[in-house]
Amino acid sequence: MELAPQYRPNAPSVIAEVIDGEAVIINLDTGAYFAVSGSGADVWEAIEHGVPTADLAANLAERYPGGISANGEKESFAADVTAFLVQLTEHALVVATDETPPPAPTVVPRTDIVYATPVLEVYTDMQELILLDPVHDVDAVEGWPRAAVPTE
């Protein structure tokens with residue numbers, strides 16, 4: 001799979017929140033939810049801020065100064081990011097975009113944790129409940145409680 005120059009969260013189908021270094025992501029179309037911590041949450045936040053694909057690995061290298069990846073080599077940051085983006089794309093959590101990225105956010109080095117390869121944890125145990133939630137039928141402009149007008 002060839003990666004796009006830039007990705008963005010697949011809103012409005014995907015909602016996410018990063019809390020205490022863990023990203024919780026919900027795909028409202030499939031009902032699956034996802035958890036990502038550590039470097040994966042860092043990559044997710046970078047995507048939310050419009051960091052181009054080419055800069056994501058460098059962003060991780062700055063974030064984990066002197067950090068060693070899971071296989072012991074700095075060079076695998078790019079491979080780790082690529083594999084993670086493939087997972088995010090396969091689950092329709094991100095989509096390619098050609099929007100002009102905003103100025104890059106300041107990268108704050110992390111010394112509190114050791115770098116680990118981003119891992120996307122997938123949960124489908126609440127899928128039926130999430131899909132039953134009436135928020136799916138909400139008008140995109142007016143929001144809840146106005147139901148969306150069916151399109152033909």
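The values are calculated or read from the model by the stated rules, or taken from the named source; none is laboratory data. What you see is a predicted model; the values in this text were computed from it and never measured. With ideal geometry, Cβ positions are generated from the backbone for all residues, glycine too; neighbour counts draw on all protein chains shown.
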Pairs under 8 Å by beta carbon, first residue under 10 Å from residue 8 (Cβ atoms) in region 42-54, partner among the charged types (D, E, K, R), six or more apart or different chains? 47/8; 48/8; 50/8; 50/99
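Mind listing whichever residues of region 1-24 are farther than 15 Å from residue 94 by Cβ and either charged (D, E, K, R) or in contact with an Asp or Glu (Cβ under 9 Å, 6 or more places away or on another chain) (or both)? Break it down into steps so the answer makes sense when it comes.
Keep residues of region 1-24 that are farther than 15 Å from residue 94 by Cβ, which gives 17, 19-22, 24.
Within region 1-24, 17, 20, 21, 22, 24 meet the criteria.
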Which one is modelled with the highest pLDDT among residues in region 123-132 that are surrounded by 12 or more Cβ atoms within 10 Å (Cβ to Cβ) and of a type outside the set (Ser, Thr, Tyr)? 126
